[in-house]
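Engineer: Take a look at the following structure, please.
The values are calculated or read from the model by the stated rules, or taken from the named source; none is laboratory data. Note that the structure is a prediction, hence the values are computed from the model and not measured. Here the Cβ positions follow ideal geometry from the backbone for every residue, glycine too, while neighbour counts run over all protein chains shown.
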């Protein structure tokens, strides 16, 4: 390192402090680096760092593995107070950035943490880190590994508020991109952080996030265990929306158990159980009132009605939910509503309207970069094409599914029978 400038040497030390493996110029400036562009250029030309490029994501820089190990040794040689203060700047940068990203991706959903003090414009030097929900979701996904590393380090340092703030904000990423193992790992750390701070409201939210991830992974018993623990905290937490959150998750589990039941009667009973739970969650959100919560729980009620083969009732609920979503700018809920609407049309035997609703869901999900919902829409559209004996449409959907799932790191769909 003797051949580089002092500013570049300082930048090198900062790389050693970072919990993750990559950094943007904005992050490095946020932790006090100067002459960042020149220093990064010097690290690149000295072959100490490499550029991680992507067509649709900001430039990121990474030290070579051996170099990074050396940089971390050098950083650990800094005075303890200096090292911790730099690390705290990194954690605070990510906590604020993730909160802004969550707000753009999921809008006015119920959150426990207050909005970040620093405006988004302060986190980016030349331009904002992201603009709009789709852009924010891409930023969160690009920073995914770094964010997980930051949560682990914050937990190790005992920065409990930052741990649960990050976990709450990252629901926008976990739910939209289905990084379910990450959600479980960070959620368990969030539970510990909430317990350290004696925050039953936060613990309910963290346990619910772990429960939702377990539910989507098919581990319904683990999901219910987390919800049982959360239920015991509802009275001291106080906020009725937290009760709604727990009832919602219990309703989803009831629907999942219904799908595995052997008889139509059992399926119907589970659907009715879920509907009642969602109705309780809906009432809790109307009492606040929380417009986003009203839309979400109305959508869930419609899911239960579809499961109970009450197709026309479901469409009425969905129309009301869509009207509220449009009036309040709750765009992320519209593709979800369209997907359930399509299922109701299938139940009524209206294949053309089902296809139209599914295409609308796919278009909206793609524009918002909600890849998990886009996957569901394409899968449903392929099934509808199969029913209509439209082989070109089915082939096109399967090709898009293969490409999407490769990009998401998922398995491609099984080949149809010959």
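Engineer: Of all residues in the range 117-150, count the ones that are in a loop (DSSP other than H, G, I, E, B) and either surrounded by fewer than 20 Cβ atoms within 10 Å (Cβ to Cβ) or without any contact (Cβ under 8 Å) to a residue 12 or more places away in the chain (or both).
Structural biologist: Qualifying residue count for the region: 9.
Engineer: Read through the list (1) touching a helix residue (DSSP H, G or I) at 6+ places or on another chain (Cβ under 6 Å); (2) over 30 Å from residue 50 (Cβ atoms); (3) buried (at least 16 other Cβ atoms within 10 Å of the Cβ); (4) modelled with pLDDT under 90, then give the number of the only condition that residue 75 fails.
Structural biologist: (2)
Engineer: In this structure, does residue 372 turn out to be closer than 22 Å to residue 137 by Cβ and at pLDDT below 90?
Structural biologist: Answer is yes for this residue.
Engineer: Would a scan of the range 58-72 turn up a residue that is part of a loop (DSSP other than H, G, I, E, B), in the same structural domain as residue 140 (by TED's automatic domain parsing) and either in contact (Cβ under 8 Å) with a residue 60 or more places away in the chain or within 25 Å of residue 140 (Cβ to Cβ) (or both)? Reasoning before the result, please.
Structural biologist: Start the filter on the range 58-72 by keeping residues that are part of a loop (DSSP other than H, G, I, E, B), which leaves 58-59, 64.
From the residues that got through so far, the ones that are in the same structural domain as residue 140 (by TED's automatic domain parsing) too are none.
No, there is no match, as no residue in the range 58-72 is part of a loop (DSSP other than H, G, I, E, B), in the same structural domain as residue 140 (by TED's automatic domain parsing) and either in contact (Cβ under 8 Å) with a residue 60 or more places away in the chain or within 25 Å of residue 140 (Cβ to Cβ) (or both).
Engineer: Then there is this: Being farther than 30 Å from residue 114 by Cα and either assigned to a helix (DSSP H, G or I) or in contact with a strand residue (DSSP E or B) (Cβ under 8 Å, 6 or more places away or on another chain) (or both) is the requirement here; does residue 213 meet it?
Structural biologist: Criteria not met by residue 213.
Engineer: Further question: Return yes when residue 103 is in contact (Cβ under 8 Å) with a residue 60 or more places away in the chain and touching a helix residue (DSSP H, G or I) at 6+ places or on another chain (Cβ under 9 Å) and no when it is not.
Structural biologist: The answer is no for residue 103.
Engineer: A further question follows. Condition (residue is more than 27 Å from residue 194 (Cβ to Cβ), touching a residue at least 24 places away in the same chain (Cβ under 8 Å) and touching a helix residue (DSSP H, G or I) at 6+ places or on another chain (Cβ under 9 Å)) applied to the range 238-256: is it met by at least one residue?
Structural biologist: yes
Engineer: Follow-up. Condition check: farther than 30 Å from residue 364 by Cβ and buried (at least 22 other Cβ atoms within 10 Å of the Cβ). Does residue 154 satisfy that?
Structural biologist: Yes: the conditions hold for residue 154.
Engineer: Here is a further query. Run down 265, 364, 280, 259 and say which single residue is under 22 Å from residue 241 (Cα atoms) and either at pLDDT below 95 or in the same structural domain as residue 248 (by TED's automatic domain parsing) (or both).
Structural biologist: On the way: 265 fails: under 22 Å from residue 241 (Cα atoms); 364 fails: under 22 Å from residue 241 (Cα atoms); 259 fails: under 22 Å from residue 241 (Cα atoms).
On inspection, the qualifying residue turns out to be 280.
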